[in-house]
Amino acid sequence: MALTPRLSGKLAARAHHSPAAAGFLHRLAPFFAADQVVGGPLLIATIVALVCTNLPIAHDYQTMWDSTLEIRLGSFRAAHPLADWVNEALLPLFFLIIGAEVKREFTKGALSTVRTAMFPLAGAIGGILVPVAVYLAFNYGTEAASGWGTVITSDTAFALAIIGMFATRLPVSIRAVLLAFAAIDDVGGLLVIAVAYTGTLVLPMLVVAAVAYVAIFVLLRLKLVSPIPYVLLGLIVWAGVYASGIHATIAGVMLGLLSPTQSRLSERRFAERVQAPIDRFKQAVDEAESGDPEDNEEIQRKAQQQLGYIQEMTEATDEPAERLVQMLNPWVSYVVLPLFALSAVRIHFSSDLLADAAGSLLGIGVFAGLAFGKPLGFVTATWLAVKAGAAELPDAVTWRMVLAIGALSGIGFTISLFIANLAFPDAQRTEMASLAVLAASLASGALGYVLLRTAAARTEAG
C-alpha cells in the first residue's frame, strides 16, 4: 500500500529543494511507483485510447486491435483478434496477483480471523446483489436487461491507487479490506461471465484444467522447489479453462489462491543453517588471500559452493506468494492493464451519444448500479453483518473508511467494460454502457478520494 522506504526518503529529500513539487510527487507517486499494482499507467492508457478513438485515425486504431493474431504449433492453430489475446492471455496475470494477495490477507494478514474475513465477504455479496437490482429496476423487461453483469465488478487497480495516496495516513487493514472485497467481487464477475455470457461449455477441457490444478496442489504439498513444473502446469490450467469456454481470467484467480504464503525456512532456522557455511566461506576467502596462488582455483570453488548454499537458504526465507506478486507487479501495471485499456476503451464521443446515454434506461441503469448500488450494497451488507455478530471491523478501520471503500467500489472499469462488450452485440449499446461505466468510475473515484481524505484527517487529529 505504501511507497517503498527508499522512494519515500528520496521524496523527503526533494522537499528541501521544492516543498510544493515534493508534495505533488508524493501524491502522484502511488499511481506509478508503489509496490502493488498501480493505476497510473492504466489511466494514461485510457486517456490515449479515448483520444485515438475520437481522432481521424479511429478506424485504423480499432482495426489494429481487431486484426487477427494467429499462433500455430504443428496441427494446433489459434487465431483470435489482438484484443481477445489481451483479454484471454494477459489479463489472467492481473487476477493471479489478486488471488495471491487475497490468500495472504486471509491466512496471515488483517483478515486472518473468521469474523474479519466475513466483513469483505458480506460486502462483496451486497456489492453484487444490490447493483444488479438497481440496474434491473431500470431495465427489466427491455432488450438491455442482459447487461446486468456490467455493474457487478469493481476495478481494483484504480481503487488501490487512490488508497495508496493516503498510505502513510491510514491503517494497512483498509487496503486489505478493499483488496479482499475486490477479489471476491471479481470472482463473482468471472462466474457471471462463465454462467451468463458463455455460449458453450467444453467439459473435457475443464477436466484437463482441474487435473493440472490438482497436480499443482500435490506438488506444493510435496514441497517441490523448482518453478518449471508449476509454470507448465499453470499454462495447462489456463489453456484448459480457456478451451472450455470459460473466461481464462478465472484461472488466474484460482492459481493465485494456490500460491504458498509461508516461507520454506523460518528466520531462526535460517540463522542456524547458514552460520557454518558463512564461517567456511570466510575461511576460504582468508585462504585465498594468504595461501598459495596455485590453490586458488580449488579455494574459489569451495567459496562459491558455500555462497550457493547461502543463496538458496536466503531464497527459502521468501514467501512464494509475495515473490510471485513482486515479480509480476511491474508487468501487470505497465503492460497488461494498459494494453487492456488501449484495446477495450472504444467510446466515440458525440452529442448524440451523450444525449442517448443520459436519456436511456441502459445508461442510467449502469451509472446508478455502479455509483449508487455498489456503495449501498457494500455498506449495508457489512453493517448488517457486524450488527448480527457474524463479522467485525478489521483493526483500526472505521465506518467512515468503510464508506470510502464503498464509494471506491463504484469504480467499475476493467471487467465492467469487458462484460459490456459481451452483453451487447451492437456497438451503439456497448458505447452507451461504456460511457456510463466511465462516468460512474469518475464520480466514484472523486467521492472516494474526498471520503478518504476526511478519514485520514480525522485519523491524524485523533
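The values are calculated or read from the model by the stated rules, or taken from the named source; none is laboratory data. All of these numbers come straight from a predicted model, not from anything done at the bench. Reconstructed Cβ throughout: ideal geometry from the backbone, glycine too, with neighbour counts over all protein chains shown. Only protein heavy atoms, including side chains, enter the accessible area calculation; ligands, DNA and RNA are left aside. Shrake-Rupley method; radii C 1.70, N 1.55, O 1.52, S 1.80 Å.
The set of residues in the range 108-145 that are open to solvent by 30 Å² or more (accessible area, probe 1.4 Å), within 21 Å of the chain's Cα centre (by Cα) and modelled with pLDDT under 80 comprises LYS108, ALA110, SER112. Per this entry, ARG169 is not counted among residues that are of a type in the set (Lys, Arg), in contact with a helix residue (DSSP H, G or I) (Cβ under 7 Å, 6 or more places away or on another chain) and crowded, with 19+ Cβ neighbours inside 10 Å. Here is the figure for the range 295-309: residues that are surrounded by 17 or more Cβ atoms within 10 Å (Cβ to Cβ) and at pLDDT 80 or above total 2. The residue pairs whose first member lies in the range 412-435 and is over 18 Å from GLY359 (Cβ atoms), whose second member is open to solvent by 30 Å² or more (accessible area, probe 1.4 Å) and at pLDDT 85 or above, and whose beta carbons are closer than 7 Å, counting only pairs six or more residues apart or on different chains, are ALA423/SER146. Taking the range 149-191 as the region of interest, how many residues are among the aromatic types (Phe, Trp, Tyr) and modelled with pLDDT of 75 or more? Residues that pass the stated criteria total 2. With the structure loaded, tell me whether LEU55 is open to solvent by 60 Å² or more (accessible area, probe 1.4 Å), in a loop (DSSP other than H, G, I, E, B) and at pLDDT 70 or above or whether it fails that test. Yes, satisfied.
Only one of these is touching a residue at least 12 places away in the same chain (Cβ under 8 Å), closer than 24 Å to LEU179 by Cβ and of a type outside the set (Ser, Thr, Tyr): LEU93, LEU69. Name it. Going through LEU93, LEU69 in turn, just one is touching a residue at least 12 places away in the same chain (Cβ under 8 Å), closer than 24 Å to LEU179 by Cβ and of a type outside the set (Ser, Thr, Tyr): LEU93.
Check every one of the helices (runs of 4 or more DSSP H) wholly within the range 347-407 and list those with 1 or more residues that are out of contact with any helix residue (DSSP H, G or I) (no Cβ under 8 Å at 6 or more places or on another chain).
Passing ranges, in order: 351-359, 374-387.
Of the numbered criteria (1) buried (at least 23 other Cβ atoms within 10 Å of the Cβ); (2) more than 16 Å from LEU452 (Cβ to Cβ); (3) among the small types (Gly, Ala, Ser), the one ALA159 fails is (2). Taken residue by residue, the range 316-327 has no member that is over 22 Å from the mean Cα position of the chain (by Cα), charged (D, E, K, R) and either at pLDDT below 80 or more than 30 Å from PHE138 (Cα to Cα) (or both).
Let's see how each residue does on (1) within 30 Å of LEU342 (Cβ to Cβ); (2) surrounded by fewer than 20 Cβ atoms within 10 Å (Cβ to Cβ); (3) of a type in the set (Phe, Trp, Tyr):
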residue: LEU370; (1), (2), (3): yes, no, no
residue: ALA381; (1), (2), (3): no, no, no
residue: LEU408; (1), (2), (3): yes, no, no
residue: ILE411; (1), (2), (3): yes, no, no
residue: ASP426; (1), (2), (3): yes, yes, no
